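Step one of this worksheet: look at the structure below.
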C-alpha cells in the first residue's frame, strides 16, 4: 500500500467511526451534528425512534387596515401525492422540507412554552412566517398571524390540535405603500 | 472485464441515473407560489456562511439553480464518459454540489442524498487513484455503510413501542407526505397486519448484515427482499431516488460477498434464465 492508500483508508475509517458514534444513543448525538454543518455524517434512523404520528397544517389569517380580519384558511404548501411519484416525484423535497420544518417548530413550541423569544427566533418559525407573508397578496393586509395545527395520522377521527399560535406580525406600514420583499424581512421583528 | 470493474460500472450507472432524476426533479419542480426554503431565513442557522460572499451567492435562488445544473451535467457526463480525468472532475463536482445543498438547508435532506454523496465520494477516490486496493476500500466502505444503515434502522425501530405494536406503520401510511390512503385503510382496520409487517420490516433490516456471511441462496434472498422493499417504498411512499440509491449500493455489497467467499461463482435464476457473475 502506498501513502495515498493509507490516507484514503484513514479517511474512510474516520467517516465510518463518526457514523457509528452519531447513532449512539439512538436519539442522535446532536453535539456531533452541530459540528457538521455540511451533513457529512449520515443519519440512518429512518422513521425512528419517533415515527410520524401526525399530519401538520399551517393556517393563516390577515388583519386588514380597516380593522377587519379575514377568516382562517389553510395554506397549501405541499403538492398532493400522485401514483406517478414512484417514478417522477419533483414535490418530494418540498414535502420533506415541510415535514422537517413543522416537526422542528412543533418541538420548539412544546419545549419552550414560556419562552416566546426562543419560538419566534427559531429558524422553523421564521421560515413559515416568511412563506405565509410572501404568499399573502391582499393589498389591504396590515398584520398577519399563522397557526400550526396537527391531526393524528394513526386515527384520523381524532380531533385536530392547536400546537402554536403565532404573534401578529406587521407586514405593511399603514402610512406607506406596500412594502418590498426585503422590507418584509426587516419588519418581522417589529 | 474483471468482476471489480463490472461492479464499478454498474454502481456508476445506477448512481448516475439516480443523480439525474434527483437533479431534474429539483430543477423542474413548479413551485405553487415561491420557495419554502428561502436563503434569507436559512442563512441565520449558519452565521459563519453569511460572512462568505461566495457562499451567499451560491445559496440564493439563482445560485442554487446554477449548482443544480452543474450537478445534472456532472451526473449525465459520469454515465456517458469513460475518461478518468473527466470522471474525477464529475464526481468531485457532484460531491461538492451535494455538500452545498446540505449546508444550505438541512430541511428536506433524506437518506438518498446521503447515499448519493457517499457513492460519489467513493467513486471520486477510485478514479483519482485507480488501483485494486482503492476499489476494495471504497466498495467495502459503501458496503459497511449499507449494512450499518439497515442495522441501525431496524434496531431503532425495534426499541420503539409504536413500531412493535404496528401503530407507527399506520401513522406513516396515514401521513399526507409519505402515506397512501388505500394502505392506510387496510392497516388501520387490521392492526394485526400492520404489526406483522412492521416486525418483518425491522426484523429484515436488523438482520440484513448477516447475509454477507450466509450461503449464496440466503444472500440472494436478502438482496431480492431488499430490492422489493425499496421498490414497494417507491410505489407506496414515493421514495423513487431512495430506491435507486440503495440499489446502487447492492453492487459493492455483491463485490464484498465475493471477496469474503473467495470469488465463488455467483449464479441465480431470473425469469428462468441462469445468470452467472464470475
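The values are calculated or read from the model by the stated rules, or taken from the named source; none is laboratory data. All figures in this text were calculated on a predicted structure; none of them were measured in a lab. Every residue, glycine as well, gets a Cβ built from its backbone with ideal geometry; the counts of neighbours run over all protein chains shown.
Identify all residues within the stretch A:17-59 that are more than 24 Å from the chain's Cα centre (by Cα), buried (at least 16 other Cβ atoms within 10 Å of the Cβ) and either within 30 Å of residue A:166 (Cα to Cα) or within 9 Å of chain B (Cβ to nearest Cβ) (or both); write none if there are none. Can you show your working first?
Let us first name the residues in the stretch A:17-59 that are more than 24 Å from the chain's Cα centre (by Cα), namely A:17-21, A:24-25.
Within this subset, residues satisfying the condition of being buried (at least 16 other Cβ atoms within 10 Å of the Cβ) are A:18-19.
Passing the criteria: only A:19.
For (1) closer than 30 Å to residue A:94 by Cα; (2) at pLDDT below 95; (3) more than 13 Å from chain A (Cβ to nearest Cβ); (4) under 25 Å from the mean Cα position of the chain (by Cα), each residue gets a yes or a no:
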| position | (1), (2), (3), (4) |
| --- | --- |
| B:167 | yes, yes, no, no |
| B:174 | yes, yes, no, yes |
| B:177 | yes, yes, no, yes |
| B:181 | yes, yes, no, no |
| B:184 | yes, yes, no, no |
| B:213 | no, yes, yes, yes |
| B:218 | no, yes, yes, yes |
| B:229 | yes, no, no, yes |
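Can you confirm whether residue B:7 is farther than 18 Å from residue A:94 by Cα and modelled with pLDDT of 95 or more? It would help to see each step written out before you state the result.
Working: farther than 18 Å from residue A:94 by Cα: yes; modelled with pLDDT of 95 or more: no.
It is false that residue B:7 is farther than 18 Å from residue A:94 by Cα and modelled with pLDDT of 95 or more.
The conditions are (1) within 13 Å of another protein chain (Cβ to nearest Cβ); (2) surrounded by fewer than 21 Cβ atoms within 10 Å (Cβ to Cβ); (3) assigned to a helix (DSSP H, G or I); (4) over 12 Å from the mean Cα position of the chain (by Cα), and residue A:132 fails exactly one of them. Which is it?
The single condition residue A:132 does not satisfy is (2).
In the stretch B:208-224, which residues are within 27 Å of residue B:161 (Cα to Cα) and loosely packed, with under 14 Cβ neighbours inside 10 Å?
Within the stretch B:208-224, B:210 is the sole residue that qualifies.
Only one of these is facing chain A (nearest Cβ under 10 Å), in a helix (DSSP H, G or I) and farther than 30 Å from residue B:212 by Cβ: B:118, B:86, B:100. Name it. Break it down stepwise before answering.
Details: B:118 fails: farther than 30 Å from residue B:212 by Cβ; B:86 fails: facing chain A (nearest Cβ under 10 Å).
The match here is B:100.
Given the conditions (1) crowded, with 22+ Cβ neighbours inside 10 Å; (2) over 30 Å from residue B:97 (Cβ atoms), report the number of the one that residue B:161 does not fulfil.
(1)
Go through (1) facing chain B (nearest Cβ under 10 Å); (2) assigned to a helix (DSSP H, G or I); (3) within 16 Å of residue A:146 (Cα to Cα) for residue A:76 and report which single condition fails.
Condition (2) is where residue A:76 drops out.
For the stretch A:124-164, how many residues are in contact (Cβ under 8 Å) with a residue 12 or more places away in the chain and within 30 Å of residue B:184 (Cα to Cα)? Step through it out loud before you land on a result.
Residues of the stretch A:124-164 that are in contact (Cβ under 8 Å) with a residue 12 or more places away in the chain, as a first pass: A:124-136, A:138-154, A:160-164.
Filter once more, keeping what is within 30 Å of residue B:184 (Cα to Cα): A:124, A:128, A:146-154, A:160-164.
Total meeting the criteria: 16.
Please tell me if residue B:54 is in contact (Cβ under 8 Å) with a residue 40 or more places away in the chain, in a helix (DSSP H, G or I) and surrounded by fewer than 21 Cβ atoms within 10 Å (Cβ to Cβ).
Criteria not met by residue B:54.
Let me confirm something: among A:172, A:159, which residue is at pLDDT 80 or above and assigned to a loop (DSSP other than H, G, I, E, B)?
A:159
So how many residues does the stretch B:231-257 have that are touching a residue at least 40 places away in the same chain (Cβ under 8 Å) and either within 13 Å of chain A (Cβ to nearest Cβ) or in contact with a strand residue (DSSP E or B) (Cβ under 8 Å, 6 or more places away or on another chain) (or both)?
Result for the stretch B:231-257: 14.
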